[in-house]
Amino acid sequence: MAKEPLRITILRHAFLLLFVVISVYPALNVLSISLRPGDQLKTTDLSIIPDDWTLDSYAALFTQQPFLRWLGNSLLVSFAVTVTGVALAAMGGYALSRFRFVGRQALMLSILTTQMFPATMLLLPLYILVAKLHLMNTFLGLLVFYVSTALPFCVWQMKGFYDTISPSLEEAARVDGCSRLVAFRKVILPLAAPGLVITALFSFMTAWSEYIVAAQVLQDREMFTLPLGVKSFQASMSTQWGLYAAAAILVSVPVVVVFIVLSKYLVSGMTVGAVKE
């Protein structure tokens, strides 16, 4: 294999470093704002950590604002959406992958079609549905919204994972005396673990960082999720930039932790469908 010319290597690394800087600079800028005293948004100082840095904004979040309540609300909603989405997608994707029933192709086509439209188009009909069910200003109403919008993609994704698992494994388990349910639980689900992890991560992210739907359903400040709570620091006359930036940093921490913990499953999950039997 011919060795790559040095100038090509330098150009490639320079190109990658440029995009690294573009990606990292906004996060570092938000971190710098969260450490500045007062609500300073702009400054002539280019240092990431200012000389007079302080953690007052972080302390104010936990002592003067209901940040922990918002965090608990977001964790509750995200966990409920993740568990519900994974359970329904695991069973729905299996049914579409293994069974041939009347209307299967139409159902798959309808699921795929829903992904071609922006989620905001579903906002009005789902809002009317939740209002008629008297679920406004409740976490259950928010759960209905999030699961309804995330489930089609999750079902389609899980079907793709099940398609890569040979049916002969189930048949062997059933010859050994397992029922279909036991074969699904003990043979198929463990093999589909990467797909379940990606589905869980997608469901979690759908609920964790969503703002528009939550702003329509939740009206009580005590029931705010983190995106709503962070947005409340922005007012028409002034914005609490220190609190805004500190909250943004803290909100991103759970997502980073989840990505690091699940990274090995993500890599295997993204490549499992690349090889066909």
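The values are calculated or read from the model by the stated rules, or taken from the named source; none is laboratory data. Only a predicted model underlies this, so the values are computations on that prediction, with no experimental measurement involved. Positions of Cβ are generated from backbone atoms using ideal geometry, with glycine treated the same way; all protein chains shown enter the neighbour counts. In case anyone asks, the SASA skips ligands and DNA or RNA and just uses the protein heavy atoms, side chains included. Shrake-Rupley method; radii C 1.70, N 1.55, O 1.52, S 1.80 Å.
Sort out which residues of region 197-214 are assigned to a helix (DSSP H, G or I) and in contact with a helix residue (DSSP H, G or I) (Cβ under 6 Å, 6 or more places away or on another chain), and write them in order of number.
The initial filter retains those residues of region 197-214 that are assigned to a helix (DSSP H, G or I), namely 197-208, 212-214.
Selection gives V197, I198, T199, A200, S203, F204, T206, A207, W208, V213, A214.
Among (1) surrounded by 14 or more Cβ atoms within 10 Å (Cβ to Cβ); (2) farther than 29 Å from L140 by Cα, there is one condition L169 misses while meeting the rest; what is its number?
Failed condition: (1).
Do we have any residue at all in region 128-144 that's of a type in the set (F, W, Y), open to solvent by less than 40 Å² (accessible area, probe 1.4 Å) and in contact (Cβ under 8 Å) with a residue 60 or more places away in the chain? Steps first, please.
Step one: list which residues in region 128-144 are of a type in the set (F, W, Y), which gives 139.
Narrowing further to those that are open to solvent by less than 40 Å² (accessible area, probe 1.4 Å): none.
No, region 128-144 contains no residue that is of a type in the set (F, W, Y), open to solvent by less than 40 Å² (accessible area, probe 1.4 Å) and in contact (Cβ under 8 Å) with a residue 60 or more places away in the chain.
Only helices (runs of 4 or more DSSP H) wholly contained in region 1-116 count here; list those with 2 or more residues that are open to solvent by 70 Å² or more (accessible area, probe 1.4 Å) and farther than 22 Å from Y162 by Cα. Before you say what the answer is, go through the steps one by one.
On the way: elements: 6-35, 56-63, 67-98, 104-114.
Result: 6-35, 56-63, 67-98.
Please list, ordered by first then second residue, the pairs with beta carbon atoms under 6 Å, 6 or more apart or interchain, first in region 209-234 and under 16 Å from F62 (Cβ atoms) and of a type outside the set (G, A, S), second open to solvent by 20 Å² or more (accessible area, probe 1.4 Å) and not in a helix (DSSP H, G or I).
Every condition considered, the pairs that remain are F233/Q240.
Confirm whether L41 is modelled with pLDDT of 90 or more and within 30 Å of the chain's Cα centre (by Cα). Before the answer, list the steps.
On the way: modelled with pLDDT of 90 or more: no; within 30 Å of the chain's Cα centre (by Cα): yes.
For L41, the condition - modelled with pLDDT of 90 or more and within 30 Å of the chain's Cα centre (by Cα) - is not met.
Looking only at region 100-158, count how many residues are closer than 25 Å to G195 by Cβ and hydroxyl-bearing (S, T, Y).
Summing the residues that are closer than 25 Å to G195 by Cβ and hydroxyl-bearing (S, T, Y) in region 100-158 gives 6.
List the residue pairs whose Cβ atoms are under 9 Å apart, where the first residue sits in region 92-116 and is without any contact (Cβ under 8 Å) to a residue 24 or more places away in the chain, the second is charged (D, E, K, R) and in a helix (DSSP H, G or I), and the two are 6 or more positions apart or on different chains.
Between residues of region 92-116 that are without any contact (Cβ under 8 Å) to a residue 24 or more places away in the chain and residues that are charged (D, E, K, R) and in a helix (DSSP H, G or I), the close pairs are A95/R104; A95/K159.
In region 176-213, what residues are acidic (D, E) and either surrounded by 19 or more Cβ atoms within 10 Å (Cβ to Cβ) or under 15 Å from F259 (Cα atoms) (or both)?
The initial filter retains those residues of region 176-213 that are acidic (D, E), namely 176, 210.
Once the filter is applied, which keeps residues that are acidic (D, E) and either surrounded by 19 or more Cβ atoms within 10 Å (Cβ to Cβ) or under 15 Å from F259 (Cα atoms) (or both), region 176-213 yields only E210.
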